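The values are calculated or read from the model by the stated rules, or taken from the named source; none is laboratory data. As the structure is a prediction and not an experimental result, all values here were calculated from the model. Positions of Cβ are backbone-derived with ideal geometry, glycine not excepted, and every protein chain shown enters the neighbour counts. All accessible areas refer to the heavy atoms of the entire protein, side chains included, with ligands and DNA or RNA removed. Shrake-Rupley method; radii C 1.70, N 1.55, O 1.52, S 1.80 Å.
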Amino acid sequence: MKPILYPAGETQFISNGLGRLSDAVSCKVVEERNGQYELELEYPVTGLHYADIMEERIICARHDDTEDIQPFRIYKITRPMNGIVTVNARHITYQLSKVVAMPFTADSCAAALQGLIDNAEGDCPFTVWTDKDLTASFTVSQPATVRSLLGGVAGSILDVYGPGEFEWDRFAVKFHASRGINAGVMIRYGKDLTDVKKTCLLY
């Protein structure tokens with residue numbers, strides 16, 4: 001499926017938006033476990049929709065081997081090199097870095113997640129879900145961004161109710177005890193694994 005370009009305010013992603021980016025040179029999505037979730041698109045300046053590609057607009061693209069598409073908001077466009085620009089975009093849930101949650105307390109994972117949304121200042125079109133039924137005290141003592149309170153700081157959802165894995169699904173934030181399934185596959189050195197290399201970064 002070819003990536004689709006949408007206006008900045010799109011929320012439904014059911015039409016062809018501003019157009020399909022059929023002449024893109026490449027489109028790569030990288031998702032790390034509880035980490036970055038970004039898209040990188042290479043597009044020719046001679047492409048049909050080159051003039052339509054702008055910061056804050058949204059590119060929808062497949063992110064795995066299913067037909068499901070996810071929205072990514074453009075945050076950087078490079079200058080043309082050899083007639084090609086590189087477009088960088090972050091998953092739409094990065095908008096939660098601009099949404100501030102006011103102080104509140106909760107005593108379970110589900111209540112804490114919902115509290116982030118219920119106590120958000122301003123517009124917050126996101127929903128939350130979890131299959132974790134842990135009970136523990138969660139406190140937001142001063143205003144902070146929802147994204148940081150999900151994970152990455154002391155006292156966040158991931159810190160208090162982890163281990164767990166986030167799934168970013170359009171405007172839904174899902175906190176799983178574990179994503180995927182255990183298929184019972186074992187990797188054995190010498191049979192399935194023939195070589196291991198370790199790289200150390202020195203600073």
- prompt: What's the center-to-center distance, using Cα atoms, between the range 138-157 and the range 1-45 in Å?
  reply: 29 Å
- request: Please calculate the 1.4 Å probe accessible area of Lys76, with all protein chains present, and give it to the nearest 10 Å².
  value: 100 Å²
query: Here are several values of volume of the Cα convex hull per residue in Å³: (1) 123; (2) 149; (3) 190. Which one was derived from the coordinates shown?
result: (3)
statement: Within the set Gly17, Gly152, Gly122, GNM on the chain using Cα springs under 10 Å gives the largest fluctuation to Gly122
- prompt: Quick one: ranking Arg147, Arg33 by accessible area, 1.4 Å probe, largest first, what do you get?
  reply: Arg33, Arg147
message: So, taking all protein chains as they sit and a 1.4 Å probe, how much accessible area belongs to Leu158, in Å² rounded to tens?
response: 50 Å²
Gain upon complete extension [Met54, Thr86; 0.36 nm per residue less C-alpha separation]: 10.3 nm
- line: With label points set 7 Å from each Cα along the Cα-to-Cβ direction at Ser137 and Arg79, the distance between them in nm comes to 5.6 nm
